[in-house]
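Reviewing the structure listed below.
The values are calculated or read from the model by the stated rules, or taken from the named source; none is laboratory data. Quick caveat, the model's predicted, so the values are computed rather than measured. Cβ: placed from backbone, ideal geometry, glycine included. Neighbour counts: every protein chain shown.
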Amino acid sequence: MLEFLLSGSLAPFSVALALLVGLLALELALSLVGGSIFAGGAELDAPEVDLPDLDTPDLSPDGFGHGEPADVSGVSSVLGLGKTPFMIWLASALLGFGVSGVVLQSVLLTSLGSPLPGWLAAIPALLGGWAFARGFGGVFARLIPQDETQSVSEATLGRRRGVITQGTAERGRPAEVRVIDRHGNPHYLRAEPLEDGARLVQGSTVLVLRDHRLGLYRLLSVE
């Protein structure tokens with residue numbers, strides 16, 4: 001059995017399962033010191049950065065290195081990303097891919113007397129891994145508490161588009177802004193324009209930027 005698992009026809013799947021075992025071993029080691037690679041998960045948004053000098057009037061989104069907000073793309077949605085923490089999604093994808101490949105090759109060896117080449121068997125196994133990760137992500141998203149999901153999302157609203165729903169935003173006069181997080185949950189926050197002299201009226205589409213130093217959100221018009 002060990003010889004079969006180490007054969008070339010099972011190499012991609014053995015590597016995937018070995019990586020999964022490595023992740024679980026790392027999680028176990030970190031749990032002994034109070035850490036975790038799975039808890040909380042890695043968000044799809046790029047890490048937020050502190051805003052530069054907020055008194056500079058001519059800043060644009062490009063000044064932060066991001067011209068657009070980091071929304072979950074259509075491809076990520078198809079893969080099932082965003083429903084579950086990335087490390088849990090990765091672990092489930094590795095498990096689905098590895099098990100699918102081993103089962104497929106075992107069935108072919110038993111029925112036909114010879115398995116497929118590893119690269120060829122990897123194609124249907126990738127579908128198995130995708131299906132398992134996507135299905136597990138949906139189950140996981142329903143199992144975790146909703147308030148935890150929202151609290152995670154609340155910290156990653158920066159660089160997302162929003163709409164001013166109430167008031168007119170000016171420096172010193174924040175307005176209410178509605179922002180949709182990666183989970184599809186609406187969030188309402190109050191924020192001022194980033195630029196001095198800017199006036200953003202109700203209904204304006206804005207780019208929400210987060211100032212970590214002050215714990216505030218700032219707005220840039222994207223219209």
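Figures for the structure shown
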{"item": "Members of segment 134-184 found to be at pLDDT 85 or above and either of a type in the set (Ser, Thr, Tyr) or not assigned by TED's automatic domain parsing to the domain that holds LEU209 (or both), listed by number", "result": "THR165, THR168"}
{"item": "Segment 205-216, subset modelled with pLDDT of 85 or more and buried (at least 20 other Cβ atoms within 10 Å of the Cβ), residue farthest from GLY162 (Cα to Cα)", "result": "LEU209"}
